[in-house]
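Structure first, commentary second.
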Amino acid sequence: MSIIKVNTSIEEYRYRARSSDLNELSGRTNQHEVTLFVNKEIVKRMALCKVEVVVDIGCGDGTFLNLASEFDVSSIGILPTEEEVRRVQDRFSESQANIEIKRGLAHKTGLPGGFADKIVCNGVLLLLKEEEIVLALEEIVRISKNGALVYIGELPFVDEMVGRNYGNSIVKWLFWVLRNEGIRSFGNRAMQSAKGVFSKEPFIIKAKDQYFCPIDRFISKAERLNLNLVANFPHMTITPGGKLMNSESRQNYIFTVSR
Ligand SMILES: C[S@@+](CC[C@H](N)C(=O)[O-])C[C@H]1O[C@@H](n2cnc3c(N)ncnc32)[C@H](O)[C@@H]1O
């Protein structure tokens, strides 16, 4: 049995790194197609060019870095735990020597100042504590070259946790999934929890708290820190049937850094 209760997102991802499925590091259980789709969309928006330095903060299973490597850029993925760093390093062969995975945090990457041409931070800010948000944005600005392009994605603008009062109960959670996400998702989640009981696959339970910020407020917060808005648009995802869907709760933002 490997049901694990954790208190922080960093602990959660440390345990996710134990899964046999590398996609668990992207936080999207059994949704490989979503991870690929989302990261391909980011690549399209970032207009990557040869010899640029690209940083992916909270790079999950490394899908963006893998796609970016086709553009002959030098890329660095930042992950918060040694366990994740090792798993993702193993993904890349020596032929992809221009990809480096380093341990760091969104608000403390360990990278030098004025270093990156492009920075991606997708699905990460929502995992931070409120007081870490400004620090993380300041860190993004610090490691950026002047004029760098910054992609901040999947940031909720409303509280996605409203109504999720299932606490630590797996049964209540499964009922919530059935009511709100449908039978296919219920089947997936039931299978996932059964694996947690009968195999070594980690099944992680974490209190549901998440950072969210209304769109205008987030843009003002970022602009006060020299992140100037280029575009913002609803986050798009893909259903298992291949249908494209705009998120009703998450927004993506592209900024340029000008000091
Ligand atoms: C939902 S996943 C998103 C992964 C990837 N960016 C994607 O969109 O496919 C969240 C990522 O944020 C990382 N993470 C969690 N807390 C973090 C922190 N404090 N600083 C940096 N990364 C963090 C996790 O390790 C994980 O890689």
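Here each label is just a point 7 Å from Cα along the line to Cβ, and for N146 and L178 those points are 6.1 nm apart. Averaging the Cα positions of each part gives two centres, and for the range 96-157 and the range 63-94 these lie 15 Å apart. First measure r as the distance between the Cβ atoms of R86 and K5, then evaluate 1/(1 + (r/R0)^6) with R0 = 22 Å and state the FRET efficiency to the nearest 0.05. FRET efficiency, R86 to K5: 0.40. Computed over the chain with a Gaussian network model linking Cα atoms closer than 10 Å, the most mobile of P156, P80, P240 is P240. Structural descriptor for the chain: relative contact order 22 percent, calculated from alpha carbon pairs under 8 angstrom and at least 6 residues apart. May I ask for the percentage of alpha-carbon pairs in the chain that lie more than 36 Å from each other? Of the Cα pairs, 11 percent sit more than 36 Å apart. Pull up the DSSP beta bridges for the range 19-168 and report the antiparallel fraction as a percent, rounded to 5. Percent antiparallel among DSSP bridges in the range 19-168 is about 5. Model label sites at A190 and C49, defined 7 Å from Cα along the beta-carbon direction, differ in position by 5.4 nm. For the chain, the antiparallel share of DSSP beta bridges with both residues in that region comes to about 45%. For A116, the residues 5 or more places off, or on other chains, whose built amide H falls under 5 Å of its own are S144, K145. Spin-label model, Y166/E100: points 7 Å from Cα along the beta carbon direction are separated by 4.2 nm. As a calculated quantity, the FRET efficiency between A207 and F115 at R0 = 51 Å, using C-beta atoms, amounts to about 0.90. Basic side chains Lys and Arg get +1 at the Cβ, acidic Asp and Glu get -1 at the Cβ, and with that the dipole of the chain about its Cα centre reaches some 460 debye. Of F198, F115, F157, the residue with the greatest mean-square motion in the GNM of the chain, using alpha carbon springs below 10 Å, is F198.
Of the candidates G104, G27, G163, which one comes out as most mobile in a Gaussian network treatment of the chain with C-alpha springs shorter than 10 Å? With Cα springs under 10 Å in the chain, the top fluctuation among G104, G27, G163 is at G163.
Work through the residues other than L174 whose Cβ is under 11 Å from its Cβ and net out their charges, Lys, Arg +1 and Asp, Glu -1. Surrounding charge for L174 is +2.
Read-outs: derived from the displayed coordinates by stated rules, not from any lab. Because the structure is a prediction, the values reported are computed rather than measured. Cβ coordinates were reconstructed from backbone atoms using ideal geometry, including for glycine residues, and neighbour counts include every protein chain displayed.
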